[in-house]
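Structure first, commentary second.
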Amino acid sequence: FADLVLETWDLQCERNGREHRTAEMGCQQLVVRRGQPFTITLHFSGREYEEGVDKLAFNVETGPCPIETSGTRSHFAVTDFPDESGWSAVVQQQDGGSLSISLCSPPSARVGRYSLTLETSTGYQGTSCHIGDFVLLFNAWHPEDTVFLRDEDERCEYVLSQEGLIYQGARDYITSTPWNFGQFEDDILSICLKLLDTNPKFLRDQNRDCSRRNDPVYIGRVVSAMVNCNDEDRGVLAGRWDNHYEDGMSPMAWIGSVDILKRWKKFGCQPVKYGQCWVFAAVACTVMRCLGIPSRVVTNYNSAHDTNGNLVIDRFLNEMGEEDRRSKDMIWNFHCWVESWMARPDLAPGYDGWQALDPTPQEKSEGVFCCGPAPVKAIKEGDLQLKYDIPFVFAEVNADVVYWVVQRDGSQKKSTHSSVVGKNISTKSVGRDSREDITHTYKYPEGSEKEREVFAKAELEKRSLREEDEGLHLKIKLSEGANNGCDFDVFAVINNATDAERVCRLMLCARTASYNGTVGPQCGMKDLLNVTLAPWEEKSVPLRVLYEKYGESLTQDNLIKVVALLTEYQTGDVVVAIRDVYIQNPEIKIRILGEPMQKRKLVAEISLVNPLAAPLNNCVFVVEGAGLTNGQQIKELEEPVEPQAEAKFRLDFVPHQAGLHKLMVDFESDKLTGVKGYRNVIIAPQPK
């Protein structure tokens, strides 16, 4: 027989991409999911392939030093039936000189970039030919993959959706901000693979690192550490919380991960400035979704950072309601992390499912700034000894806050009220732009028998948080929303739930604040030395907060912390109430002109009214949307925008993908920053 000569071949990137739900990563490269067959076509010249005479085999290799024992190299012959345990190749059909072969990896294969080589032999003669590279991803559609997710709608949201909403604001005023995850955008896959190859574990022992890339627990831990740069590990983002962001981008200005990941690569894997918790979480979510692991960003309101692990956060206030910076323990207005869906074969049964991963650098875990994966189930059950970092996340959602008022003579009075952390844990709903409350997945109902059992198991005291019905009660209320540029009222509502008259001092103080709990200058206060309450009387005391007072020191988090302190003269008892008021930015209006169709020009009309009493200078609109705009579109306005005037521009764009997409807008200026808006656009497919 003459030699079998391979003339051309086709990796069928487009067809395989469609079948493996990776088509949006482009048809220039072959991207497939593990455990699922993909087809390639070989064309031989001179003569056809003859079974029994010709032997065909493939070699797949990943990583810098592929070896079979590490699972980073595999050699397998073309056979009649697929091999269940390893890689396999089966002839599908033969048509003249062309041969279709179905290749399949095991559902436990290492993910990453592979090279594919074909070996042909007839008798004793053999040749080998490198026919290309492909990328192998995790497969949430395969029942034997450790990231298998049963529900198709959930797979679409948590693996395939390139945009989402992240919850921010305050517990009493939850806001959502749009985010472009963009995991299928150009170059993002290769950047995510580069991130794996830049991680210190890879640099220390490349072979061992690559051999562990079949395990989503390992990948999650690596990604959690690599998204921050606190370990001098060439991580993606530098964190900063002090409101000085001039030498980089303010964390509030980002609207997507694509820009951040591209900057990281472009500048030689130097950390991008700057991130805060939702930015770290969103970038980690992009990387995990890109690699095929179902993931979502979650927000915990009133999130505790308990540095000494005793689950009690002590806050000290002076008689003016000012915080005394004695405690390292903090309460963040909100804190975001990622949940990724995976099995935990490394633990006892019962801990599969959502795992918390927190890439924001807070505490070291095994010597590195990363956190998780911590099974959400273990957090709920109080199984603190399991891997990884469960006590830290448990405290974030369960710690108690005790307020101590420090008198002039240095003595301390404990407030009768203790506020609770871990409220309204939120994530975007599947397939809808609404909020899903997932608090119940992290903890049992407060005060329930199950909650007591969990705390007993965790060997922690749960102080009873029932407010006594009797005594003095204090709440802070808001009449309506507070808008940026406007004055607004807050009310201290005092209730005397006793049979006796009470005489009190009421201190009300408002300060601008950052979401991590730090406060700025005071922007409104009232000190009433003589508030008399008849038995069972309720009084409402207003405090007007003026824009001219808060405007200058309002941080980009748009928060004002109001503290009320009620001291009863007769007993010396102190009651504290605290409320975070979210200052609303103006709405960005987005109108779509034209018929939304794939590869046809569309116009977006984007506008915003300046609500402030002063002109806005250096106004910039940034627009992006996966599948809609080609990367980021930036529009700088030449003129200042006068008070109550409209900042507005028109953007032409040509959507390149059909389906539902979000057009996202960020607005920046000297006095109004991080204003976000989005519009859902349904793009009709191009007529065939």
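The values are calculated or read from the model by the stated rules, or taken from the named source; none is laboratory data. Source: prediction; values computed, not measured. In this analysis, Cβ positions are derived from the backbone assuming ideal geometry, glycine residues included, and neighbour counts consider all displayed protein chains. Surface areas here come from the heavy atoms of the whole protein model, side chains and all, with no ligands, DNA or RNA. Shrake-Rupley method; radii C 1.70, N 1.55, O 1.52, S 1.80 Å.
Just give me the residues in the stretch 62-117 being open to solvent by 60 Å² or more (accessible area, probe 1.4 Å) and touching a Lys or Arg at 6+ places or on another chain (Cβ under 6 Å), in sequence order.
Ile67
Based on this model, can you work out whether Ser540 counts as outside any strand (DSSP E or B) and of a type in the set (S, T, N, Q)?
Answer is no for this residue.
Are there any pairs with C-beta distances below 8 angstrom linking a residue in the stretch 506-520 that is closer than 23 Å to Phe491 by Cβ to a residue that is open to solvent by less than 10 Å² (accessible area, probe 1.4 Å) and in a loop (DSSP other than H, G, I, E, B), with the two at least 6 apart or on different chains, and if so which?
That search, which allows pairs on different chains as well, returns Met507/Gly321; Leu508/Gly321; Cys509/Gly321; Gly520/Ser514.
Residue-by-condition table, conditions (1) outside any helix (DSSP H, G or I); (2) closer than 22 Å to Gly517 by Cα; (3) modelled with pLDDT under 90:
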site	(1), (2), (3)
Lys380	no, no, no
Leu384	yes, no, yes
Pro391	no, yes, yes
Ala395	no, yes, yes
Ser418	yes, yes, yes
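From the set of residues in the stretch 79-95 that are of a type in the set (Gly, Ala, Ser) and over 17 Å from Leu42 (Cα atoms), which is modelled with the lowest pLDDT?
Across the stretch 79-95, the extreme among qualifying residues is Ser85.
Restrict the check to the stretch 570-581 and report whether at least one residue is buried (at least 18 other Cβ atoms within 10 Å of the Cβ), modelled with pLDDT of 95 or more and under 30 Å from Leu663 (Cα atoms).
no
Taking the stretch 397-456 only, how many residues are aliphatic (A, V, I, L, M) and within 24 Å of Tyr351 (Cβ to Cβ)?
8
So which residues in the stretch 326-345 are over 13 Å from Gly372 (Cβ atoms) and either not assigned by the TED database to the domain that holds Asp400 or not in a strand (DSSP E or B) (or both)?
Those that are over 13 Å from Gly372 (Cβ atoms) and either not assigned by the TED database to the domain that holds Asp400 or not in a strand (DSSP E or B) (or both): Arg326, Ser327, Lys328, Asp329, Ala343, Pro345.
Specify the residue that is least open to solvent (accessible area, probe 1.4 Å); the eligible residues are those in the stretch 45-61 that are touching a residue at least 40 places away in the same chain (Cβ under 8 Å), within 14 Å of Ser121 (Cβ to Cβ) and assigned to a loop (DSSP other than H, G, I, E, B).
The residue in question is Tyr49.
Could you tell me which residue of the stretch 332-360 is farthest from Ile578 (Cα to Cα), considering only residues that are modelled with pLDDT of 95 or more and of a type in the set (S, T, N, Q)?
Among those residues, the one meeting the criterion is Ser340.
Check whether at least one residue in the stretch 273-281 is aliphatic (A, V, I, L, M), crowded, with 24+ Cβ neighbours inside 10 Å and over 30 Å from Arg33 (Cα atoms), and report yes or no.
Taking every residue of the stretch 273-281 in turn, none turns out to be aliphatic (A, V, I, L, M), crowded, with 24+ Cβ neighbours inside 10 Å and over 30 Å from Arg33 (Cα atoms).
Could you grab me the full set of residues in the stretch 543-572 that are over 20 Å from Asn483 (Cα atoms), hydroxyl-bearing (Ser, Thr, Tyr) and either without any contact (Cβ under 8 Å) to a residue 40 or more places away in the chain or part of a loop (DSSP other than H, G, I, E, B) (or both)?
Selection gives Tyr569, Thr571.
Run down Gly625, Gly674 and say which single residue is crowded, with 16+ Cβ neighbours inside 10 Å, small (Gly, Ala, Ser), under 30 Å from the mean Cα position of the chain (by Cα) and within 24 Å of Leu554 (Cβ to Cβ).
When all the criteria are applied, what remains is Gly674.
With respect to Gly26, determine if the residue is closer than 30 Å to His656 by Cα, open to solvent by 10 Å² or more (accessible area, probe 1.4 Å), touching a residue at least 60 places away in the same chain (Cβ under 8 Å) and among the small types (Gly, Ala, Ser).
yes
Within the set of pairs 6 or more residues apart or between chains, which connect a residue that is outside the structural domain of Asn424 (by the TED database) inside the stretch 380-402 to a residue that is open to solvent by 10 Å² or more (accessible area, probe 1.4 Å) with Cβ atoms less than 7 Å apart?
none
When you go through Leu103, Leu116, Leu42 one by one, which is the residue that is part of a strand (DSSP E or B), farther than 30 Å from Trp354 by Cβ and more than 41 Å from the chain's Cα centre (by Cα)?
After applying the criteria, what remains is Leu42.
Under 6 Å between Cβ atoms, which residue pairs at least 6 apart in sequence (or on different chains) link something in the stretch 238-255 that is open to solvent by 60 Å² or more (accessible area, probe 1.4 Å) with a partner that is of a type in the set (Phe, Trp, Tyr) and not in a helix (DSSP H, G or I)?
Short answer, once both residue conditions are applied: Arg240/Tyr274.
Yes or no: Arg213 within 15 Å of Pro361 (Cβ to Cβ), basic (Lys, Arg) and buried (at least 18 other Cβ atoms within 10 Å of the Cβ)?
It is false that Arg213 is within 15 Å of Pro361 (Cβ to Cβ), basic (Lys, Arg) and buried (at least 18 other Cβ atoms within 10 Å of the Cβ).
Would you check if there is a residue in the stretch 585-598 being part of a loop (DSSP other than H, G, I, E, B) and aliphatic (A, V, I, L, M)?
Yes; the residues of the stretch 585-598 include at least one that is part of a loop (DSSP other than H, G, I, E, B) and aliphatic (A, V, I, L, M).
Could you check the stretch 607-630 and list, in sequence order, the residues that are in contact (Cβ under 8 Å) with a residue 60 or more places away in the chain and of a type outside the set (Gly, Ala, Ser)?
Within the stretch 607-630, Leu608, Asn610, Pro611, Leu612, Val622, Glu624 qualify.
Only one of Asp145, Asp133 is more than 26 Å from Trp254 (Cβ to Cβ), surrounded by 24 or more Cβ atoms within 10 Å (Cβ to Cβ) and in contact (Cβ under 8 Å) with a residue 40 or more places away in the chain. Can you tell me which?
Going through Asp145, Asp133 in turn, just one is more than 26 Å from Trp254 (Cβ to Cβ), surrounded by 24 or more Cβ atoms within 10 Å (Cβ to Cβ) and in contact (Cβ under 8 Å) with a residue 40 or more places away in the chain: Asp145.
Can we say Asp557 is over 38 Å from the mean Cα position of the chain (by Cα) and either at pLDDT below 95 or more than 30 Å from Ile588 (Cβ to Cβ) (or both)?
Criteria not met by Asp557.
Can you confirm whether Glu363 is surrounded by fewer than 19 Cβ atoms within 10 Å (Cβ to Cβ), modelled with pLDDT under 85 and within 30 Å of Thr567 (Cα to Cα)?
Taking the combined requirement at face value, the residue does not satisfy it.
When Val681 is evaluated against the numbered criteria (1) in a loop (DSSP other than H, G, I, E, B); (2) open to solvent by less than 60 Å² (accessible area, probe 1.4 Å); (3) more than 24 Å from Thr555 (Cα to Cα), which criterion, by number, is the only one it fails?
Just one mismatch for Val681, condition (1).
The conditions are (1) surrounded by fewer than 21 Cβ atoms within 10 Å (Cβ to Cβ); (2) at pLDDT 95 or above; (3) assigned to a strand (DSSP E or B), and Val665 fails exactly one of them. Which is it?
Result: Val665 passes all but (1).
For residues that are within 18 Å of Leu160 (Cα to Cα) and among the aliphatic types (A, V, I, L, M), scanning just the stretch 20-52, find the one that is modelled with the lowest pLDDT.
Met25
Out of (1) buried (at least 16 other Cβ atoms within 10 Å of the Cβ); (2) closer than 30 Å to Ser295 by Cβ; (3) at pLDDT below 90, the odd one out for Thr439 is which?
(3)
Right, Lys413: farther than 26 Å from Ala284 by Cβ, open to solvent by 20 Å² or more (accessible area, probe 1.4 Å) and either in the same structural domain as Trp179 (by the TED database) or in contact with a strand residue (DSSP E or B) (Cβ under 8 Å, 6 or more places away or on another chain) (or both) or not?
Spelling it out, Lys413 is indeed farther than 26 Å from Ala284 by Cβ, open to solvent by 20 Å² or more (accessible area, probe 1.4 Å) and either in the same structural domain as Trp179 (by the TED database) or in contact with a strand residue (DSSP E or B) (Cβ under 8 Å, 6 or more places away or on another chain) (or both).
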